[in-house]
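Engineer: What follows is a single structure, and I will ask about it in a moment.
No lab work stands behind these numbers, since they all come straight from the coordinates. Computed from a prediction, not measured in an experiment: that's the story for all the values here. Neighbour counts are summed over all protein chains in view; Cβ atoms, including those assigned to glycine, are modelled from backbone coordinates with ideal geometry.
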Amino acid sequence: MTLDLLAIGPHPDDLELACGGTLARVAKAGARVGLLHLTRGEAGSRGSVEERKREAECAGLALGAEVVEFSDCGDGALRTGEAEEDALIEVLRRLRPELVLGPPTPDRHPDHGRAHRLVEAACFYAGLARRGRPEWGEPHRPAAVFHYMLHDAFEPRFIVDVTESWNEKMAALACYESQLYQGSPPRGDLRPRQPETKVSSPEYWLAVEGRARHYGLLIGAEFGEPFASRLPLAVSDPLSLLPGGLR
Ligand SMILES: [Zn+2]
């Protein structure tokens, strides 16, 4: 199994919130997409590890992903040592993605910044012939690592129009019943759960939709997801960069 795109997220639900529309869009277009969650969300205020695993698998299915995997880097104290790099290198050599979407840095949750450094390091080291074990497969370095937006806003390098895949993103978020507000949208389980957290509030949902509408507006689309890239982007056809509805 080789993938076109592997999205790597610190905690279950980070990926779906940040770039679920993008993942669903490229999967619908025929690309092979995978999700790797670096922790099992064991330090979260709500939901058990088993519950969050089921939710993440449900969300991956909703986005059209072919692979949903978990690593064990430690929620709430995300480790970035050689062992965690090795675990990630093994995944990268096995799944061989051309593109990796990883977390930004810095960000409000320290795990996110740590995960950023871990992903950057592993994507580079995975291409070194003398790093890792032969049984992990041939060295492989993804052609690019782009960074999605989590809590902190940044000036995006590009924005993906996710209007046509917004429903799939909503379906993925509706899987996270233990974590996220389930009003309309995503849907109806409004039973009070303890304790209330920032991401379980109706206001958080409004912020998720508002951010997508804001970045969509900038490119003339209804919904958009912003990304950063450390390196400049190579473009073969400048006409392909024209925003849809802006004149
Ligand atoms: Zn997170």
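Engineer: Given H placed on each backbone N at 1.01 Å, which residues far from GLU69 in sequence or on other chains put an amide H within less than 5 Å of it?
Structural biologist: Here LEU35, LEU36, HIS37 satisfy the definition.
Engineer: Going by average Cβ density within 10 Å per residue, which order do the peptides 13-24, 150-161, 82-93, 168-179 take, highest to lowest? Numbers along the way, then the final one.
Structural biologist: On the way: 13-24: 28.2, 150-161: 16.7, 82-93: 19.9, 168-179: 23.2.
The most tightly packed comes first, giving 13-24, 168-179, 82-93, 150-161.
Engineer: So what does the Cα-only Debye profile of the chain read at q = 0.14, 0.18 Å⁻¹, as log10 I(q)/I(0), no solvent term?
Structural biologist: So the normalised log intensities are -0.91, -1.50.
Engineer: Here is a further query. Just name one of GLY21, PRO156, VAL91: the one whose Cα is farthest towards the positive end of the charge dipole of the chain (beta-carbon charges, Lys/Arg +1, Asp/Glu -1).
Structural biologist: The residue sitting most towards the positive pole is PRO156.
Engineer: Rounding to the nearest 20 debye, state how big the charge dipole of the chain is about its Cα centre with +1 on each Lys and Arg Cβ and -1 on each Asp and Glu Cβ.
Structural biologist: Details: 29 positive and 37 negative charges, 59 e Å.
It comes to approximately 280 debye.
Engineer: For the chain, modelled as a Gaussian network with Cα springs under 10 Å, which listed residue fluctuates most, GLU42, GLU50, GLU225?
Structural biologist: For the chain, modelled as a Gaussian network with Cα springs under 10 Å, the answer is GLU50.
Engineer: Taking θ as phi - 60°, what are the ³J(HN,Hα) couplings along segment 211-218 by the Karplus curve (6.51, -1.76, 1.60), each to the nearest whole Hz, with x for Gly and Pro?
Structural biologist: 5, 5, 5, 4, 6, x, 4, 5
Engineer: Unpartnered cysteines of the chain (Cβ-Cβ under 4.7 Å counts as a partner)?
Structural biologist: CYS19, CYS73, CYS123
Engineer: Considering Cα pairs under 8 angstrom that are at least six residues apart, work out the relative contact order of segment 31-101 and quote it in whole percent. If you can, show how the numbers build up before the last one.
Structural biologist: On the way: 65 pairs, mean separation 26.6, N = 71.
Across segment 31-101, relative contact order equals 37 percent.
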